[in-house]
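Data first, discussion second: the structure below is written as structure tokens.
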Amino acid sequence: MRERTSEITAILKYTPAVIYMKDAQGRYLLVNSRFEKLFNVTTDSVRGKTDLDLLPAQVADQFRANDEMVLIHGTSLHVEERLPLADGLHTFLSVKFPIYAESGKLLGVCGIATDITALKNAQEQLRRLSGSIMANQENERAAIARELHDELGQLLTALRMDAVWLQNRLKDKDFQAAERAGAVCALVDTTIEEVRSMAIRLRPGVLDDLGLVDALEWYTTEFERRAEIACIFNHDAVPPVDGAIATAAYRIAQEALTNVARHAQATRAEVGLRMHHNALVLTVCDDGRGFAPQALAETQMLGLAGMRERAGILGGTLTVESQPGLGAKVVFSVPLSQPDGSAT
């Protein structure tokens, strides 16, 4: 028993995690060395106190609410808790679990908290870097689209004018040459249309000029024409959204519909855009062959990594639902503002 006690004492003293025990009323019974250093207290001085005695009221209330969940349900809880310290706001991954007496009586809560601030900061830096890369990609797409439309478009228009001039000059002198000039003119017309289509696919001007709803309206109509799959677009009244959110929603819809055309063997697709509480929700579903959920982990054919990355960069989520023979549904949800009211 003495050896076990010394082992437990060593764990409490040297572990880098914060460890504490509270009774059912939230009063501290025991804290370890890491807790003492973090709050500049001793076990004796903190015993009998509550979080309200040590922390700002808002933080203490949140900690107490998490403790109450453990006490009410009698099960462990994994939760991220934020704590203001001298060097700034820290994030802890806390595991809280109930403590029982041998008689089965609930005594209180034990918590083990690991500081994951460095990890959260690294994740935020990665999110910002990914966002910057995608923003640069969109800027490059827009620049290429402008070059195609303006520079190449002008050259092709000039070429068409020359072909028409040549056709008119030859029609009374060399019928075959005039026909060939007419064929060149038709080919140039086709090329102009294809260049225009490529420019729009790279960066649709309607997204910048008129917004997300009109861009999706245009794209679903274009998708139906090109893929020969009926495509319906339904939307509620949606407020103007940030350019990054609009771009992400448009690209996710574009990728999801591309998957429908390539893989789903569908006859009908539907795109929806609506508000749910303070989040913008985009859905893309089809009536195709569907797939087993485990197939998502086995294949990259759906380009889900890119869609999920776009969602994650903005603090949103992307889910995919499907069953064999029942089609598939992609749902992208992103908050339009933070809980404090600031923009995403």
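The values are calculated or read from the model by the stated rules, or taken from the named source; none is laboratory data. Note that the structure is a prediction, hence the values are computed from the model and not measured. Cβ coordinates were reconstructed from backbone atoms using ideal geometry, including for glycine residues, and neighbour counts include every protein chain displayed.
General observations
- Check on residue 105, assigned by TED's automatic domain parsing to the domain that holds residue 85 and basic (Lys, Arg): yes
- Here residue 134 fulfils each of the conditions (1) modelled with pLDDT of 90 or more; (2) in contact with a Lys or Arg (Cβ under 8 Å, 6 or more places away or on another chain) apart from (1).
- If you go through the range 130-149 and keep only what is buried (at least 16 other Cβ atoms within 10 Å of the Cβ), over 17 Å from the mean Cα position of the chain (by Cα) and among the small types (Gly, Ala, Ser), you end up with 142, 145.
- Counted residues, the range 196-223 - those being farther than 24 Å from residue 148 by Cβ and over 24 Å from the mean Cα position of the chain (by Cα): 0
- Selection of the range 186-215 for residues being of a type in the set (D, E, K, R) and in a loop (DSSP other than H, G, I, E, B) yields only 203.
- Strands (runs of 3 or more DSSP E) (entirely within the range 42-129) containing at least 1 residues that are in contact with a His (Cβ under 6 Å, 6 or more places away or on another chain), surrounded by 12 or more Cβ atoms within 10 Å (Cβ to Cβ) and without any contact (Cβ under 8 Å) to a residue 40 or more places away in the chain: 77-85, 88-100
- Selected residue (only one of 183, 142, 177 is within 21 Å of residue 195 (Cα to Cα) and free of Cβ contacts under 8 Å to residues at least 24 places away in the same chain): 183
- Residues considered: 164, 195. Of these, the only one that is among the aliphatic types (A, V, I, L, M) and touching a residue at least 24 places away in the same chain (Cβ under 8 Å) is 195.
- Residue match in the range 173-195 (condition: surrounded by fewer than 14 Cβ atoms within 10 Å (Cβ to Cβ), within 48 Å of the chain's Cα centre (by Cα) and closer than 29 Å to residue 248 by Cβ): yes
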